[in-house]
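Undergrad: Could you have a look at this structure, given as structure tokens, before my questions?
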Amino acid sequence: MASVEVRSVRKSAALRPRGPTKVQPARSMSLDYKYSAARAGVEAGPAPNGVGRRAAADEEEGEAVPPEGDADSPYSSKATTTEEEGSAGGGGEANSASSAAATPRRPSPAAAAGPSPRDTRWGDTSSYGAKKKNRVFCQLPNGDWALCTVITTSGDESVLKVPEGKVLRLKTESLQPANPEILDGVDDLMQLSYLSEPSVLYNLQYRYSQDMIYTKAGPVLVAVNPFKKVALYGNEYIKAYRNKTMDSPHVYAIADSALREMKSDEVNQSIIISGESGAGKTETAKIAMQYLASLGGGSGIEYEILQTNPILEAFGNAKTLRNDNSSRFGKLIEIHFSTTGRICGAMIQTFLLEKSRVVQCAVGERSYHIFYQLCAGAPTTLREKLNLKKVDEYKYLKQSCCYSIAGVDDAEMFRAVTEAMNIVHISKEDQDNVFAMVSAVLWLGDVSFTIIDNENHVEITVEEAAETVSRLLGCSIEDLNLVLSKRHMKVNNENIVQKLTLTQATDTRDALAKALYASLFEWLVEQINKSLSVGKRRTGRSISILDIYGFESFDKNSFEQFCINYANERLQQHFNRHLFKLEQEEYVEDGIDWAKVEFEDNQDCLNLFEKKPLGLLSLLDEESTFPNATDLTFANKLKQHLDTNSCFRGERGKAFTVRHYAGEVAYDTSGFLEKNRDLLHMDSIQFLAKCKLSIPQTFASKMLAQSDNLESIPYRPSVADSQKLSVAMKFKGQLFQLMQRLESTTPHFIRCIKPNNLQLPAIYGQELVLQQLKCCGVLEVVRISRSGYPTRMTHQKFARRYGFLLLEDVASQDPLSVSVAILHQFNILPEMYQVGYTKLFFRTGQIGNLENTRNRTLHGVLRVQSCFRGYQARRHASERIRGVLALQSSFVLRMQGKVIHLC
């Protein structure tokens, strides 16, 4: 493959001095430009869809391929002029060689394409008029997009060569234009000339194949889970990002930006991390915390903050079919800083713990890690005190038939949890109480019942399980039997005792187990918060890290997905409005008419959820108050009142569909009412209050306080005699508080992507990735940017890169005049660009056209220079040969004269 090399010294962007801008016309280009032939057949190892492959290009096509990392490229963050590099380096050819050796170039991933003129009015999603040797995207029969080369075009059909060497014949209108090769693997999706779905997918796949797991999408960081260790972290990288010697996309860069903006602007910051289970949200949050702790540490509190992770993961994470360490709750960590920029405290808030996992777990999954860690790692004295059994002997745990995680030592993890508890100042006595509650929950699942009459009424069976539970909770067997087998009710001012059936007793037992565990989790978070805030002075400045579940759509979606997707609708609106605000600010700052940018809000879907009295949440709460209501009556009520809503569609039976921002999701109302009520009868609360141990008493006091304080909570149900807030209304209140907090901060967004469901490295599933890009809003970033002017370049950079294409010498003109002259010379339509105060703003695809022209012109210039150099070399060689022959002739004649003289 032919390549163009600029023989100049490359230096770090952070260290390179900026010189005055100077534009060279074509006829005055430096002869330092060199045309050379690269090694043929260089490959980086083939990957699916051609990622990581370099195919040989025909030199006769006349293609000039700019070097990777072209310093003057509009897509490079390290742009410099050749004059700047020369003055900075001062070492000529030797320095250039050493620099090239130190920074090896990454092979291009796809076959080279010859340049061709394109209609400047084409957008990135219009049908593509294929030209020979153009790079295009075609959709394969399996639905994946592949980068192909056009061999021939005849009529409305094109013959394509795919990376595997196969030849396809497809309709030309089905093809999508590919970006210039210079854009392969750019670190910001907004730099792509064509912002189409296949372009975004290909760019992420290219970077993923090179272990470059971080990519920017404008203000958003996209993190693709590598499912392996990558050499991107540690003190060296922390130091590099702190000193700004590295500027490639990274979690460190996001955290550093948040820290700097907090100090300079004196505005609280937030880092919002989202993605589906298994995408790497928890690890990403840890990496951000590690960077902040490294830069803001010194008081010791930062180590305590980091040690909260093992505790929260043990009690709030579980193995699912999609992820071995899935967070089953949302988490906001607010890190507070002193006036000197040092961490001085923190506060943790949690959302929507999945309580149902305590009593019910799908086959192949596990309940919360702490259950298995306690059984595996508890020392002998604690094991005897808690009467622990093996994990496969507990009913709650053995129903899933999954007891371990590959590569994870539960006993070692238990020791890490106890050590972390010590660090955050949870006393030994409190730790023993915590583990007693964990054991009590496990033993509750083993409590069985005996039927005592023909009406299926029951009492608990007095055996090991019941005796252990009563001992661990500090209650009598009689009290335990009373709370699980009978219910006290008040009817017409008369107290009635109702005996429970087997089903009712089982439900009461499971509700008590769920309440115990959820209360324990909340209590632990409170203890951690006390430890992190004791004696710490808050300045009001903070960085919040939000690790929250992403949009979910499964084959069967229940109440949990309903709440999660509602939260994501709210977060998506915050996300969209922030992006629009950033776009607006940049356009206004540069004098651009930003009103042309379209912005679609998802307020209609939020109204469907929140509207009173006929919104999804209000109708759910209303139906939850009726004792005879069922999941079917709830579904029918939704269809009756909401069928005219454009975001709602009723389905057969107990199902309904909501049109979310990320797509339609069908919900099954089975279990909606029960999960929303989350009823824990007053008998159970009073039972906990009577226990001798302090921790169950604390749980009961908090539950009673919540019942008594309904008047002070703004999101209360409409029924006055409700025992407590429903789960949905409580979650709505938490969500509104969260949004108020986030809206008072400057947000930074990280979207985590899971490339495959097998949790294996080097596998990239396009369909799965595309769905996540839609769900987490990355494609919305692209859409908002695409609807405006996504490609932006300063006047200086634009003039420097394309000024030599002008027919006249413009070296003496200012960069703005040069830029306007270029636009006019190449007939770029006025609606395709706008000229700002400092930058040029282009519609999608425009820079690709200029790059093609630049490459052709540069190739021609370099060909002329190459021929001229060849002519010079041949002439010089000829002159030297003539001189040598003249010397030889003179010498021969002289020698012959001496011979004659001797004779």
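Please treat every number below as a calculation from the coordinates, not as lab data. Here the structure is a predicted model, which is why all the values come from computation and not from measurement. Every residue, glycine among them, receives a Cβ derived from its backbone with ideal geometry; neighbour counts consider all protein chains shown.
Undergrad: Write out the GluC sites (Glu not before Pro) in region 131-176 meeting two conditions: DSSP loop, and at most 11 other Cβ atoms within 10 Å of their Cβ.
TA: Answer in residue order: Glu164.
Undergrad: Let me ask another. Using DSSP to call loops (not H, G, I, E or B), can you name the trypsin sites (Lys or Arg not before Pro) in region 551-588 whose Cβ has at most 13 other Cβ atoms within 10 angstrom?
TA: When the trypsin sites (Lys or Arg not before Pro) of region 551-588 are filtered for loop state and at most 13 Cβ neighbours within 10 Å, Lys556 remain.
Undergrad: Rg and Dmax of region 566-672, using alpha carbons, in Å: what are they?
TA: When restricted to Cα atoms, region 566-672 yields Rg and Dmax of 18.0, 63 Å.
Undergrad: Using Cα centres only, tell me the gap between region 556-635 and region 669-692 in whole Å.
TA: Rounded to whole Å, the Cα centres lie 30 Å apart.
Undergrad: Now for a separate question. Within region 306-344, what residues put their amide N at less than 11 Å from the label point 7 Å along the Cα-to-Cβ vector of Ala362?
TA: 320-323
Undergrad: Further, regarding this structure: Starting from the Cα-Cα distance between Met489 and Leu321, subtract it from 0.36 nm times their residue separation and give me the gain in nm to one decimal.
TA: 56.3 nm
Undergrad: Give me the distance between the Cα centres of region 256-305 and region 434-509, rounded to whole Å.
TA: 46
Undergrad: Quick check: from the Cα gyration tensor, does region 146-242 come out rounded (a/c under 1.5), prolate or oblate?
TA: prolate
Undergrad: To continue, here is another question. Once you have a ≥ b ≥ c as the square roots of the Cα gyration tensor eigenvalues for region 342-430, tell me rounded if a/c is under 1.5, and otherwise prolate or oblate according to whether a/b is larger than b/c.
TA: oblate
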